[in-house]
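Down below is the structure, laid out as structure tokens.
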Amino acid sequence: MKKIKKAFAVALLSIAVLSCKKTELKENETLVTKNLLMKAQTETYNPIAATAAMVAMGTGFNLGNTFDLAQHSTVPSTIYPIIDLYYNAGFRNIRIPTTWMDGFSGNHLASATGTVNFNHPRFIQLKAVIDYALSKPNMYVILNTHHEHWLKRYYNGTATYNTPFTNLWTGISNHFKNYPNRLVFEVLNEPEGALGDWDNDNGTTVSPNSTTAITLTKQLNQVGYDAIRATGGPNTTRIVMVSPNAQANTSQFEEVYNVKESLPGGGNDDYLAIHLHTYNPWNFCGQKGSNSNYGGRTGIINGVSAIVTHAAKLAVAVHVGEFGVGRVDSSALERNSWQVREYYRTLRRELIAKNIAATVWDDRGWFALISGNSTTGYQFVNNIVPTMMAASIVNKAFTLTGSNSFLVTGSNGQAVMKSNIPLNTGGSNERFYIVDAGTQGGKISLRSMNLFASSENGLIDMNCNRSTATVSEEFWWEMNNDGKISLKGNNLSYVSIDNVNNALRCNKTSIGNTEKFTFNLVP
């Protein structure tokens with residue numbers, strides 16, 4: 001699906017500035033890189049089947065608009081903290097989009113013949129980032145060819161394009177041949193243009209379902225696949241991923257590879273995976289989309305089921321290498337919403353549950369998941385990542401502790417809810433059971449002593465005295481960066497503790513300390 005990760009005019013200005021900066025590694029970075037390189041190359045290579053690798057990879061993130069588009073610094077020391085942040089949050093793969101023969105104001109990593117300049121300062125930086133990520137236990141790295149417009153826009157199946165693409169992947173594969181099995185190769189990001197797309201942004205009107213588009217897509221994927229496997233050694237069993245056309249669209253999976261025998265390797269390569277992207281529905285996920293177009297969890301679940309069904313038919317592993325929700329600057333506030341958080345959370349959980357590795361798109365722009373810099377530090381934004389990664393709380397019981405360090409009580413429905421019970425003294429009134437409140441937004445209801453907590457629409461203090469749950473007893477929940485939970489009622493306001501009488505009221509428009517609750521699971 002088509003997405004513009006950042007205002008292109010800004011990107012063009014950035015290219016001129018960033019390409020002029022000195023890019024060599026500093027002395028201390030060089031020492032770190034050498035140590036990491038030694039670690040990476042001394043790790044024993046043990047083949048791992050693609051199906052097992054997808055499980056091990058779990059959830060990951062994209063280092064977007066960095067080595068693929070000159071929008072962010074490629075200096076390794078500015079990237080290491082980003083890797084640390086995601087790794088500490090439970091992410092176990094990083095996709096590093098890399099453009100080799102295009103962009104960067106002509107300052108390419110490889111020549112027109114596909115010969116990589118391994119002494120190029122930006123390649124040295126790229127390698128340092130790869131080494132750093134691989135130094136993390138159980139962390140996978142996905143390396144690809146990304147914005148190769150020279151290839152995707154004009155590919156016609158001839159040696160004019162096959163030869164340089166073969167040379168490119170031969171050079172990359174040989175250079176990283178002795179790297180551990182946690183380095184994964186993705187043949188080509190988002191086949192489009194002459195390979196088939198649904199719009200004319202790439203100078204083509206070729207239908208992705210046309211015989212020509214499908215044939216060329218499979219041919220080009222085969223060219224890259226063959227080049228990698230031909231380098232021998234560990235690369236004969238390294239994980240290689242290929243994508244369908246129309247920008248790796250999930251709907252094209254079945255169109256391009258309709259039978260097992262059509263896959264590279266004839267369907268007999270246990271180390272092959274299909275790489276897909278989803279920004280569906282685009283009128284919600286796209287940067288110009290709207291939250292009003294969010295259709296709930298059912299569509300997401302059905303979309304994943306379709307992937308699983310066809311993957312089972314082909315007996316092939318699957319990786320969803322991009323997904324997310326973007327907004328242009330004028331509607332950026334929409335991303336801080338239950339719809340967006342629920343989309344990320346539902347899609348990620350469904351994919352992981354089906355043993356499909358999931359790698360979220362982060363461009364630090366319209367699809368940003370983090371903010372900050374290497375000097376002041378990075379942090380997750382809009383509570384998307386903490387909520388996406390949080391374990392399920394449905395059908396579990398727990399206590400809530402307010403910012404005043406007292407337990408929240410349901411008061412057995414006899415009085416308003418307050419946060420005034422000393423820790424370690426709570427009883428049944430302070431025990432809340434979480435009920436799934438339906439399909440819309442993953443809402444929950446809180447039940448104590450068989451009575452439901454009500455937001456009271458924010459008009460009065462909350463009570464836990466309803467025998468049944470209606471909209472006033474339904475809450476969206478989100479996880480904060482500090483691991484505390486916040487609840488938003490049907491009035492789109494957050495539950496808060498009153499600083500005077502410690503009563504709970506659902507009337508705050510944003511999250512501060514009094515809108516955060518520590519939760520502890522109880523039997």
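Scan region 253-268 residue by residue and report those that are outside any helix (DSSP H, G or I) and either without any contact (Cβ under 8 Å) to a residue 12 or more places away in the chain or among the polar types (S, T, N, Q) (or both).
Listed by number, the residues that qualify are 258, 268.
Take region 162-199 and flag every residue that is modelled with pLDDT under 95 and under 13 Å from residue 146 (Cα atoms).
none
Taking strands (runs of 3 or more DSSP E) that do not extend beyond region 405-456, which have at least 1 residues that are among the acidic types (Asp, Glu)?
Here the list reads 432-436.
Filter region 248-290 for residues that are among the polar types (S, T, N, Q) and surrounded by fewer than 21 Cβ atoms within 10 Å (Cβ to Cβ); which is nearest to residue 313 (Cα to Cα)?
258
With the requirement that a residue be under 16 Å from residue 164 (Cα atoms) and either charged (D, E, K, R) or part of a loop (DSSP other than H, G, I, E, B) (or both), what does region 97-114 give you?
99, 100, 101, 102, 108, 109, 111, 112, 113, 114
Can you find, within region 457-482, the residue that is surrounded by the most Cβ atoms within 10 Å (Cβ to Cβ) among those that are more than 17 Å from residue 517 (Cβ to Cβ) and touching a helix residue (DSSP H, G or I) at 6+ places or on another chain (Cβ under 7 Å)?
Applying the filter and picking the extreme gives 463.
crowded, with 17+ Cβ neighbours inside 10 Å and on the phi > 0 side of the Ramachandran plot: is that true of residue 442 in this structure?
yes
The values are calculated or read from the model by the stated rules, or taken from the named source; none is laboratory data. These numbers come from a predicted model, not from an experiment. Glycine also receives a Cβ, built like all others from the backbone with ideal geometry; neighbour counts cover every protein chain displayed.
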